[in-house]
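Here's the structure, in structure tokens; my notes come after.
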Amino acid sequence: TVMAAPMTNDQSWFYALALGVSFLKCLLINAYHSTDFEVHRNWLALTHSLPVSQWYYEATSEWTLDYPPLFAWFEYGLSHIACFFDKEMLVVPNLNYASPATVLFQRLSVIVADVVFFYAVKECCKCLREDKGKDLLGKPSFILTGLLLWNFGLLIVDHIHFQYNGFLKFIGIYFVCVCVLLLNLKHIYLYIAPAYGIYLLRCFCFTQSNAVLVTLGTIVLSTFAVSFGPFIALGQLPQVLSRLFPFKRGLCHAYWAPNIWALYNIADKAFSILGVKFRLLDINKLPKASMTGGLVQEFQHSVLPSVSPLATLVCTLLSILPALFKIWHRPNGARGFLRCLVICALGSFMFGWHVHEKAILMAILPLSLLAVDSRKDAGIFLMLSVTGHYSLFPLLFTTQELPIKIFLMLLFTIFSLASLKTLFRKGGALLNPLEVTYLLGLIPLELICEFVYPLTVWQKTFPFLPLMLTSVYCALGVTYAFIRLYNSLLTCSDTTKKTKMQ
Amino acid sequence: MENWSLFSLCVLLGLTSRWAVSFHSYSGAGKPPMFGDYEAQRHWQEVTYNLPVHEWYFNTTNNDLNYWGLDYPPLTAYHSLVCAYVAKLLNPEWVELHASRGYESHSHKLFMRATVLFTDILIYIPAVLLYCFYFCDGSSKQKVATALCILLYPGLILIDYGHFQYNSVSLGLALWGILGLGLGWDLFGSLAFTLALNYKQMELYHSLPFFCYLLGKCIKQGLTRRGFFQLAKISLTVLVTFALCWMPFLSDPKQPLQVLHRLFPFGRGLFEDKVANTWCSLNVLIKIKTLLSRETQLFLSFALTLLFILPSSLKLLSKPNLWQFKLALVNSSLAFFLFSFQVHEKSILLAAFYCTHLGFCLFLRLMFFLFVFFHSMLPLLVKDGLLLPYVVTSLAFLFLSLYLLSALERSTEEELRLGLYRKLTQRWLPKLNLSRIIKWKFWFSLVAMAVLSFTSVWLEPPAKFPDLFPVLVSILSFLHFLGFIIYFNLVQLMEPQRKKSQKKTN
């Protein structure tokens, strides 16, 4: 086995990139923030003011606590610092309270929490193969740092829309055995739990001593115990679970995530329109067109069979089973694990119930690690990241943020394209002409949805048509990337030199 | 990475920071009855759209000159007119005569900010890119780094996108002028600079270097033959441009006089507000504003300005090359800022702007100068509620320049400039360790500026001196500027002909 080459001593570029992106985040403190801002303020308030037994029952605000307990503890910790900024934000009935001090505190908390993410990225870069003497802009570690720290999706979701994803990704990337920790913080990481579980079981538990199995088991159980413990003791476990997994919410989110179900919905719509046109269906028997409405509710499909939560679970498991089986059969070291991780994340995104479009980041970020290592993965990364990031555009729908999202998107896209192209100079183009055409098609799509459509008469009667167009167009790209990823996983052979990743 | 991608990344970073700063407050936000520069620009759109040309600069019932009367040359007025047409399309309430006074709304703010971004993208940014590409020394990485520093210079960003002004138009046009002169297209350069002059009369600060450079070049070509024709062509271009810009005002002799009266308000006194120049600082010790008569003040300021720009202009006249030209621009703008009449603190931007274009040779000093220039605008920015962007952009700029400095292996050119001081001091103070003194000076100034920034915001001034902190900022900046003007004059006057290949001088 070949050990990873040691990093050069000069690390100042890392701090330059990290500081630079932090300054940008500070400048964006006054940008638009979504209802997620109020969500987190509410959680600060209720963890601070109420006893633990009330946390998952509190319903003064519509934004009830729907993350796992460890995140609640995190908010509880934050609330003690929030006291120094503005005590009023910690009062539960102060709905939609957003004084300048509150905004400053919440934004700063995300920015500071991201420092943890920076640390993880730094550690990650240590594992990359380095060619000595390469100039800075062509170094894989520099490119990877740029792709992760300046990731467009993270910037707009965390620092404008408002969430805490970066800080959570730290744990995901660095600590392999802390999948449990993740599950206790944000249950979206259930998407990738199977990958972690299978890989861990395969690599550590059956090849090494039982001591490892016992240690891992203890860690898993004890973390769950500490985090869920108080709630189990109070007998609130069913309530917690019902808050975490609200299956009443409908197959798709208000804005359809670009997954299989978006394509399914559009096919259903197309069939129903054609059916009515050709007199095969009676228009009165069809349910009202509520699917394109912007509200989160359950709805029925008209022509194709309706989809239930169980069906989506089965589809998801079916989609990720081959990958899990592959790494069980032949774990290809760190790369194989990462590939499987990405596929699990993407599979859950494609077939899951009530998927949020932000979940695409769970697949894009790990894929960045693979992209700086192999040409094929770089091509898939470019497809997935550009499409995935574009699908996040509807999150920032205000006019004021329009230039920001366009500039940042261009910034990230140009950076990833140019740097990956430089990295893999030899061996031809990264993207074939069809892929390039598809990606270029995003430009007219953006012009139509954002500039042309609002000026037409249809804006009033079909206001959600641009959203539908965006999610369907992006769903095509995401599906394509999924297929290509699977293809590369199933056809890749063992590499002769296994580079060990921590 | 290829050049085009690096340059586009710089541009995108610059654009993102500009637009992010524009989220914050503007001058006079929510402060009736007078508001601020933002309302002034909106008011000019209202005036130019609704009133006929011959009424724009006159005090009539429809045009109250006391409420932000037009005091920039005609090109600004035409620009406001164009913006007004667009405003009318979007929402007529924005430019309603009289009724739109003090109009403030989120969508209007977006519109106004968008107009600034538009002119920036059209005029300023291409000029910067071309300038860095053609006229910066060093490898392509150094060119990109220079472009990044220029585009991220907080002074211009905060004044244009925070306080609210259109400096990027006049500075951009002036930069096109320099580009033209540098590439040997004298007519194009003169045209661009004349347009800049007709946009903001502050560009007069730079007119002398332009004049001396062109005259010097023509003299070198021989005043009896080619030189004379060249001079004639340039003069014709300038005159025609002026005529075209002022055409609507030439019908009646009263018009241009009134416009000039508005542009140069000698009636307003030596200075207003706190500004980091000689007169304001001197006023702290002796009240010259009341001591001397208006005429004496005018004469004194004229004389001192002339005194300080004459040496550099004459040197440029004798040696008309690009390096001397750039230095002369800096010296001229500093001299005007320090000694001229009715100077506003924002005018320091002009000097700062040309400093950025001096290029990598004076890198460390440059960044320091730029920083000081920026710091001198602190009182203005705090008044506008722009503290957060001020802190973030200045820290970012400081770290960026320090990082790029260390990363790009500073050459011994620094030592060349240092050698100048060494020559001077060696005669009288041979034991001095010059580089250490300069380092200490640098850090001391930084600390002083940081302390002043902190106290200006967090501490209450004593009741006897309510303006203590702005005055301290002005005086500290003034002392620095005085040092700079002496330094730059020395560099220009004692400089031997630069050895590097002159790119496109003729």
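The values are calculated or read from the model by the stated rules, or taken from the named source; none is laboratory data. As the structure is a prediction and not an experimental result, all values here were calculated from the model. Glycine gets a Cβ as well: all are built from the backbone with ideal geometry, and neighbour counts include every protein chain shown.
Answer with yes or no whether B:G30 is assigned to a loop (DSSP other than H, G, I, E, B), more than 9 Å from chain A (Cβ to nearest Cβ) and touching a residue at least 40 places away in the same chain (Cβ under 8 Å). Yes, satisfied. Go through the residues of region B:83-99 one by one and say whether even a single one is touching a Leu at 6+ places or on another chain (Cβ under 6 Å) and part of a helix (DSSP H, G or I). Checked against the condition, which is being touching a Leu at 6+ places or on another chain (Cβ under 6 Å) and part of a helix (DSSP H, G or I), region B:83-99 yields no hits at all. Which of the residues spanning region B:252-278 are free of Cβ contacts under 8 Å to residues at least 40 places away in the same chain and part of a loop (DSSP other than H, G, I, E, B)? Answer for region B:252-278, where residues must be free of Cβ contacts under 8 Å to residues at least 40 places away in the same chain and part of a loop (DSSP other than H, G, I, E, B): just B:P253. For region A:51-65, the set of residues classified as surrounded by fewer than 17 Cβ atoms within 10 Å (Cβ to Cβ) and assigned to a loop (DSSP other than H, G, I, E, B) consists of A:P51, A:Y57, A:A59, A:T60, A:E62, listed by residue number. Considered as a group, the residues in region A:12-32 that are free of Cβ contacts under 8 Å to residues at least 12 places away in the same chain and either aliphatic (A, V, I, L, M) or more than 14 Å from chain B (Cβ to nearest Cβ) (or both) include one that is nearest to B:I157 (Cα to Cα), and that residue is A:L27.
Residue-level check: of (1) assigned to a helix (DSSP H, G or I); (2) more than 10 Å from chain B (Cβ to nearest Cβ); (3) surrounded by 17 or more Cβ atoms within 10 Å (Cβ to Cβ), A:T437 misses just (3).
Count of region A:357-377 residues, restricted to those that are over 17 Å from A:W150 (Cα atoms), in contact (Cβ under 8 Å) with a residue 40 or more places away in the chain and over 16 Å from the mean Cα position of the chain (by Cα), is 4.
Looking only at region B:380-395, decide whether some residue is more than 26 Å from B:H163 (Cα to Cα), touching a helix residue (DSSP H, G or I) at 6+ places or on another chain (Cβ under 7 Å) and at pLDDT 70 or above. Scanning region B:380-395 turns up no residue that is more than 26 Å from B:H163 (Cα to Cα), touching a helix residue (DSSP H, G or I) at 6+ places or on another chain (Cβ under 7 Å) and at pLDDT 70 or above.
In region B:287-305, the count of residues that are touching a strand residue (DSSP E or B) at 6+ places or on another chain (Cβ under 9 Å), of a type in the set (K, R) and over 22 Å from B:L349 (Cα atoms) is one or more. Test each condition in (1) touching a strand residue (DSSP E or B) at 6+ places or on another chain (Cβ under 9 Å); (2) loosely packed, with under 12 Cβ neighbours inside 10 Å for B:L239 and report the one that comes out false. The single condition B:L239 does not satisfy is (1). Picking from residues in region B:56-73 that are more than 16 Å from B:R42 (Cβ to Cβ) and of a type in the set (F, W, Y), the one that is surrounded by the most Cβ atoms within 10 Å (Cβ to Cβ) is B:Y57. Please determine whether any residue of region A:39-46 is part of a loop (DSSP other than H, G, I, E, B) and closer than 30 Å to B:T393 by Cα. There is no residue in region A:39-46 that is part of a loop (DSSP other than H, G, I, E, B) and closer than 30 Å to B:T393 by Cα. Residue check: B:Y57 meets all listed conditions (1) within 14 Å of chain A (Cβ to nearest Cβ); (2) assigned to a loop (DSSP other than H, G, I, E, B) but one, namely (1). For B:K233, are the conditions met, namely being part of a helix (DSSP H, G or I), at pLDDT 90 or above, closer than 25 Å to B:Q324 by Cβ and basic (K, R)? Spelling it out, B:K233 is indeed part of a helix (DSSP H, G or I), at pLDDT 90 or above, closer than 25 Å to B:Q324 by Cβ and basic (K, R). Scanning region A:80-89 finds no residues that are within 14 Å of chain B (Cβ to nearest Cβ) and surrounded by fewer than 18 Cβ atoms within 10 Å (Cβ to Cβ).
Hey, any hits in region A:455-463 for a residue that's of a type in the set (S, T, Y) and touching a helix residue (DSSP H, G or I) at 6+ places or on another chain (Cβ under 6 Å)? No, that holds for no residue. Within region A:369-378, identify whether any single residue is in contact with a Leu (Cβ under 7 Å, 6 or more places away or on another chain), closer than 19 Å to A:A475 by Cβ and away from chain B (no Cβ under 14 Å), and answer yes or no. No, region A:369-378 has no match at all. Determine whether B:R422 is more than 14 Å from chain A (Cβ to nearest Cβ), modelled with pLDDT under 65 and under 21 Å from B:K143 (Cβ atoms). Criteria not met by B:R422. Out of (1) within 14 Å of another protein chain (Cβ to nearest Cβ); (2) at positive phi, what's the single condition that is false for B:E2? It fails just one condition, (2).
Just one of the listed residues (A:L408, A:L430, A:L417) is within 28 Å of A:S488 (Cβ to Cβ), at pLDDT 90 or above and either more than 10 Å from chain B (Cβ to nearest Cβ) or surrounded by 18 or more Cβ atoms within 10 Å (Cβ to Cβ) (or both), and it is A:L417.
Entry remark, region B:165-192: residues being in a helix (DSSP H, G or I), more than 14 Å from the chain's Cα centre (by Cα) and either at positive phi or not polar (S, T, N, Q) (or both) number 14 in total. When A:N94 is tested against the conditions (1) part of a helix (DSSP H, G or I); (2) touching a residue at least 12 places away in the same chain (Cβ under 8 Å), the lone failure is (1).
Scanning region A:391-404 for residues that are under 20 Å from the mean Cα position of the chain (by Cα), assigned to a helix (DSSP H, G or I) and either within 10 Å of another protein chain (Cβ to nearest Cβ) or surrounded by fewer than 21 Cβ atoms within 10 Å (Cβ to Cβ) (or both) yields A:P394, A:L395.
Taken together, the residues in region A:140-170 that are farther than 19 Å from A:L19 by Cα and either modelled with pLDDT under 55 or not in a helix (DSSP H, G or I) (or both) amount to 1. Residues of region A:342-392 that are farther than 13 Å from A:R484 by Cβ and among the charged types (D, E, K, R): A:E357, A:K358, A:D373. Going by the structure shown, is A:G388 surrounded by fewer than 22 Cβ atoms within 10 Å (Cβ to Cβ) and either in a loop (DSSP other than H, G, I, E, B) or away from chain B (no Cβ under 14 Å) (or both)? No; evaluated as a whole, the condition is false for this residue.
In region A:33-50 there is at least one residue matching the filter, namely being touching a residue at least 12 places away in the same chain (Cβ under 8 Å), within 23 Å of the chain's Cα centre (by Cα) and within 14 Å of another protein chain (Cβ to nearest Cβ). For region B:129-143, a tally of residues being surrounded by 18 or more Cβ atoms within 10 Å (Cβ to Cβ), in contact with a Leu (Cβ under 8 Å, 6 or more places away or on another chain) and under 15 Å from B:L179 (Cβ atoms) returns 2.
Each row is one residue, and each column tells you yes or no for (1) within 14 Å of chain A (Cβ to nearest Cβ); (2) under 24 Å from the mean Cα position of the chain (by Cα); (3) surrounded by 24 or more Cβ atoms within 10 Å (Cβ to Cβ).
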| residue | (1), (2), (3) |
| --- | --- |
| B:S8 | yes, no, no |
| B:S17 | yes, yes, yes |
| B:Y26 | yes, yes, yes |
| B:F35 | no, yes, no |
| B:Y38 | no, yes, no |
| B:P52 | no, no, no |
